[in-house]
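A quick write-up on the structure given underneath.
The values are calculated or read from the model by the stated rules, or taken from the named source; none is laboratory data. Since the structure is predicted, the reported quantities are computational estimates derived from the model, not experimental observations. All Cβ positions, glycine included, derive from the backbone under ideal geometry; neighbour counts span all protein chains shown. Surface accessibility is based on the protein's heavy atoms, side chains included, excluding ligands, DNA and RNA. Shrake-Rupley method; radii C 1.70, N 1.55, O 1.52, S 1.80 Å.
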Amino acid sequence: MPDKVKTKLDKSGEVKAFSQTSMANNHAVIDYCRTSMAALSGSTAGILGLPTLYGFAFYGVSVFALWLMMLWKAGVNWKKYFGSRQHLLTNGFFGQMFTYVLFWTFLYGMVHVY
């Protein structure tokens, strides 16, 4: 499949070229990281026995920490790899929450209920 190179106009009026295939690959890697983070932090919250609001606050802190780590890893040239920082933070937030809740309730039940 040939790689399509698209262009967009920057705020400064400069034309920037980017590879659509590379951007899709970057987002697939980020989605994998988010799924792994949701499973790991959900397991941690379940083992720690975090109740309702504390558990959801732990998810929010985990998502924010992952976002900061991704920006740190991308460095100052994060625009080279991703479209926007806000999209990087909010994309998949509720989708991965289901994975988090699944692992959270399962491990909470296994450790603290049975």
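Structure notes:
- Qualifying position, being open to solvent by 50 Å² or more (accessible area, probe 1.4 Å), over 11 Å from Arg34 (Cβ atoms) and part of a helix (DSSP H, G or I), among Leu71, Leu102: Leu102
- Any chance Thr7 is exposed (fewer than 10 other Cβ atoms within 10 Å of the Cβ), within 27 Å of Phe103 (Cα to Cα) and modelled with pLDDT under 95: no
- Residue match in segment 57-67 (condition: open to solvent by 30 Å² or more (accessible area, probe 1.4 Å), of a type in the set (Ser, Thr, Tyr) and in contact (Cβ under 8 Å) with a residue 12 or more places away in the chain): no
- Scanning segment 87-99 for residues that are closer than 23 Å to Thr21 by Cβ and open to solvent by 40 Å² or more (accessible area, probe 1.4 Å) yields His87, Asn91, Gly95.
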